[in-house]
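In what follows, a structure is listed as structure tokens, so that the remarks can point back to it.
The values are calculated or read from the model by the stated rules, or taken from the named source; none is laboratory data. Note that the structure is predicted; figures quoted are calculated from it, not measured. Note: ideal-geometry Cβ built from the backbone for every residue, glycine included; neighbour counts use all protein chains shown. With ligands, DNA and RNA removed, areas are computed over all heavy atoms of the protein, side chains included. Shrake-Rupley method; radii C 1.70, N 1.55, O 1.52, S 1.80 Å.
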Amino acid sequence: HVYCEKPLAHSIYETRTLTKAAREAGVMTQMGNQGRSSEQIRMCREWVQDGAIGDVTEVRTWSDRPAGGYAFPASMGRPGDRPKIPNTLDWDLWLGPAQERPYHPSYCPIFWRAWQDFGTGALGDMGCHIIDPSFLALDLAAAPTFTVEANVSYNANPEIWNTLFGSSTNAKKDVSKYIDKIRKETYPTASIVRFEFPARGKLPSLRMTWHDGGLLPDRPKDYTSEIGTNGAFLLGSDGSLSHGSHGASSLRIFPEEKMQSYVRSDRRAPESTRRVPGGQSGHQADWIRSCKDGKPSSSHFGYGGALTEFVLVGVLAQRIPNTRLVYNRAKMKFDNEAANALIKPTFREGWIL
């Protein structure tokens with residue numbers, strides 16, 4: 001049996017392969033998006049499917065990462081110095097299937113999330129928390145195809161230009177070269193990623209927008225509270241929902257009078273009815289329970305894998321910005337060859353999957 005932190009894997013291909021292997025092996029699994037075991041994420045799905053806010057046609061999500069997270073630096077070039085490898089670290093093993101490069105503390109043990117060869121940036125990491133409620137409530141896994149387009153910024157703190165170039169007359173040319181280099185190494189300082197989904201059964205077509213790096217979505221009508229550092233708005237035809245990160249924390253209907261007047265019917269989404277003792281804090285215990293009784297956990301790889309794959313489609317789009325991509329889930333393929341080349345990374349010699 002396997003418990004794995006989120007995101008489940010580094011690439012779309014690895015995620016799909018791991019999900020298939022777990023299914024074929026018949027093992028009990030759990031991805032570490034702890035909010036999937038919360039009470040609020042179940043309430044979010046039940047309220048949406050109960051029609052509490054009408055038809056949901058737009059979702060706006062955001063995170064302050066990388067700006068708000070110590071482990072999420074961004075817009076960096078590959079360091080040139082070669083410090084000594086700590087005697088407690090097997091650097092070759094830590095690299096795994098990633099291409100060979102010299103050890104540097106800019107990668108390990110903390111800052112790997114920033115680097116394209118090792119991590120998945122702010123979207124790959126925080127998306128598995130913040131997008132999870134909408135992914136569950138709006139049956140996004142049921143969309144056979146969807147589109148994605150990313151706009152990104154690699155603008156670093158202006159002080160970095162003084163450090164790198166001083167008053168050089170070639171500064172403008174040098175900055176261009178530097179930006180080209182960091183685009184190939186690390187994830188952006190900030191991004192907006194736009195997804196579009198077709199209708200899914202009785203659910204209408206949907207637009208979802210992801211913001212990171214401190215960028216915030218437009219404030220919805222009737223929303224008067226402060227916009228937090230991480231969260232989402234689900235905009236419906238008869239009201240809207242707001243929540244924070246990790247399992248739809250601080251879930252509310254707005255405007256407030258609608259929250260006060262809402263009375264849930266007795267209809268519940270079957271997948272959402274089973275509660276996890278302890279909620280979010282019981283996420284690991286839920287996996288242990290599944291190992292004992294053989295009944296799937298909240299974020300088994302069948303669910304966690306589909307969520308991760310969706311998020312990684314957005315991460316991939318960040319590497320091919322300003323390009324509208326169509327993703328076919330059944331074929332695991334884009335309508336763009338540059339994007340297809342990133343679905344399965346080139347593994348270092350000696351590593352295969």
So, counting K/R as plus one and D/E as minus one, what does the shell of residues with Cβ under 12 Å around Leu353 add up to? +3
Nothing charged except the Cβ atoms of Lys and Arg (+1) and of Asp and Glu (-1): what's the magnitude of the dipole of segment 233-345 about its Cα centre? Round to the nearest 20 debye. 320
Run the quick spin-label model on His104 and Arg264: label points 7 Å from Cα toward the beta carbon, then report their separation in nm to one decimal. 5.0
Please compute the per residue accessible area over segment 1-107 with all protein chains in place, 1.4 Å probe, rounded to a whole number of Å². 45
Heads up, I need the accessible area for His300: 1.4 angstrom probe, whole protein in place, Å², nearest 10. 60
Could you order Glu39, Glu226 so the one with the most accessible surface comes first? Probe is 1.4 Å. Glu226, Glu39
With a 1.4 Å probe and every protein chain kept in, tell me what percent of the accessible surface of segment 1-119 is carbon plus sulfur. 53
Counting Lys and Arg as +1 and Asp and Glu as -1, each charge on the Cβ, what is the dipole of the chain about the Cα centre in debye, to the nearest 20? 500
Volume in Å³ per residue [convex hull over Cα atoms, computed for the chain]: 158
If you wrap a convex hull around the alpha carbons of segment 71-162, what volume per residue comes out, as a whole number of Å³? 160
Using 7 Å Cα-to-Cβ label points, what is the Asp293/Ser153 separation (nm, one decimal)? 4.9
What is the magnitude of the charge dipole of segment 1-160 about its Cα centre, with +1 placed on the Cβ of each Lys and Arg, -1 on the Cβ of each Asp and Glu, and no other charges, expressed in debye to the nearest 20? 320
With just the Cα atoms of segment 293-353, tell me how far they stretch along each of the three principal axes, in Å, largest first. 46, 33, 20
Local charge sum around Val276 (other residues, Cβ-Cβ under 11 Å, Lys/Arg +1, Asp/Glu -1)? +3
In whole Å, what is the distance between the alpha-carbon centres of segment 1-48 and segment 311-340? 21
For a quick check of understanding: with a 1.4 angstrom probe and all protein chains in place, what accessible area in square angstrom does His1 have, to the nearest ten? 120
Taking one equal scatterer on every alpha-carbon of segment 211-353, how large is log10 of I(q)/I(0) by Debye at q = 0.10, 0.13, 0.19 1/Å? -0.58, -0.94, -1.26
